[in-house]
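Below is one structure; the comments refer to it alone.
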Amino acid sequence: PISRADLAASFKAVGSSIGVSGEAADDMGEFYGSDVPLQAPIPLHENTQHLLQRYEARREKAQALGFYLGRARNAVLSASLGNRRACTEDDMCLWGCSKGSIYSAAQDVEALGKRDGFTYRRGCFVQAVEREGDEIVVRYEGGVVRAKTVVLAAGTIGSTKLALQSLGHRDQPIKLVSNPAFAMALCLPGRIGRAVASKGFSLGQLGFRVEAGPDDPDYAHGVVFSGGSLLTSEIARHLPLSRPAAIGFLRRVMPSLVFLNCFLPGDYSHHAVTLGSSGELQIQGAYASDFKDRVETLRHKLTKGFRHLGAYALPGGARISEPGSDIHYAGTFPMGGGSGLATDAQGQVVGLPGLHIADGAIFPQLAGKNPTFTIMANADRIGRNLAARS
């Protein structure tokens, strides 16, 4: 029930607040959109810089395969913002950022704590959210909160459980959507045996889009990471070698590796979630019957596309996510559903006036790209509308 125009102001507000680095003018710029104010991109690793330069020199061949490459976008600062400092490329992104360069919701909680009327109750596990008269009652371990309006933003799984409990909807499976994914490792042969870079940025370096076919509107999206910041021991356990041999092998080849993940649209997920009569939440995962065939098609296109850029897929094909190990959950209380388990355009649960949901649970579907920023913008839109109405 909403359009991109309805989210435009919130995209800009959230982007300005958290800080997003990236490039607007490359071949992924239109795909990622122009709604977000961008800081300059973080410098690329030598491997990913090589891939991007080769792509720009061979753009027509790559695009003929339905393959597009450009800078990834990250909620990471390349210029200081407030109390947060710009990224210094210390290659510790996966282990925590001491500079605050990487956005974290904890930063918002700290800022909100300075406002009048805001209370953060740490460690309170919510057990139930119920409608009583003209109030919503939130019950948690050790206390109760009553309000005219309550917004659930506990993540799709948590919000779904609480909303199903509130409605008394038990022992009936409902649809759950996710982004099935797969991962690949690529090698740049000329980089084998090189020294590991002393500086770098560990998060997404490049973003890509790969089209299913010339007459097929379906697409997948993914991100390329450098291999230098990943734990050798973690990758070694996936190799068909003894542990000492695998680690010795990786020490030489890690400087030449890049890794990518690739997300497919939510239509390929066929999951169901059920709130049991005793209160447990059960999830049954499944993928569409043609999911593996589509992965194979995309893997072949990516292998060929990156080969044009001088990167070769390692043997073993794609490592496909299993149901339950993928991410980006959505779709249990879709906006605009009309009746049944649904919400209106403000995330208000049908049949429970005053109870709103503001996370992925209210997205009717998932495109083949990361939804987190859109979830944040939609939550901002709902919050602003509720505040204006109160």
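The values are calculated or read from the model by the stated rules, or taken from the named source; none is laboratory data. Treat the numbers as computed from the prediction; the structure is a model and nothing was measured. A quick note on method: Cβ atoms are made from the backbone with ideal geometry, for glycine too, and the neighbour counts reach across all protein chains shown. Heavy atoms of the whole protein, side chains included, go into the accessibility calculation; ligands, DNA and RNA do not. Shrake-Rupley method; radii C 1.70, N 1.55, O 1.52, S 1.80 Å.
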*Could you give every pair whose Cβ atoms fall below 6 Å, whose first residue belongs to segment 18-42 and is within 25 Å of N378 (Cβ to Cβ), and whose second residue is of a type in the set (S, T, Y), counting only separations of at least 6 or pairs across chains?*
I18/Y103; S21/S78; P37/S16; Q39/S21; Q39/S78
*asked:* Give all pairs with beta carbons closer than 8 Å in which a residue from segment 151-163 that is within 10 Å of D359 (Cα to Cα) meets a residue that is open to solvent by 10 Å² or more (accessible area, probe 1.4 Å) and part of a helix (DSSP H, G or I); count only pairs at least 6 apart in sequence or on separate chains.
replied: V151/G383; V151/L386; L152/G158; L152/L162; A153/A379; A154/L162
_Matching entry among Y55, Y68 (being modelled with pLDDT of 95 or more and more than 22 Å from the chain's Cα centre (by Cα))_ = Y55
*Kindly indicate the residue of segment 250-287 that is part of a strand (DSSP E or B) and either open to solvent by 50 Å² or more (accessible area, probe 1.4 Å) or without any contact (Cβ under 8 Å) to a residue 12 or more places away in the chain (or both) and also farthest from A197 (Cα to Cα) among those meeting that condition.*
Q282
*Please name all residue pairs, on different chains or six or more residues apart, with Cβ atoms under 6 Å, provided the first residue is in segment 338-361 and is closer than 16 Å to H169 by Cα and the second residue is assigned to a strand (DSSP E or B) and open to solvent by 30 Å² or more (accessible area, probe 1.4 Å).*
L352/R131
*Any chance P323 is surrounded by 14 or more Cβ atoms within 10 Å (Cβ to Cβ) and not in a helix (DSSP H, G or I)*: yes
*Residues of segment 343-359 satisfying the condition of being in a loop (DSSP other than H, G, I, E, B) and on the phi < 0 side of the Ramachandran plot*: D344, A345, Q346, V350, L352, P353, A358, D359
_If I filter segment 85-105 down to residues being aliphatic (A, V, I, L, M) and at pLDDT below 90, which single residue comes out as farthest from A197 (Cα to Cα)?_
L94
*Residues of segment 302-318 classified as part of a helix (DSSP H, G or I) and open to solvent by 40 Å² or more (accessible area, probe 1.4 Å), total*: 2
*Of the conditions (1) without any contact (Cβ under 8 Å) to a residue 60 or more places away in the chain; (2) open to solvent by 50 Å² or more (accessible area, probe 1.4 Å); (3) of a type in the set (A, V, I, L, M), I375 fails just one. Which one is it?*
(2)
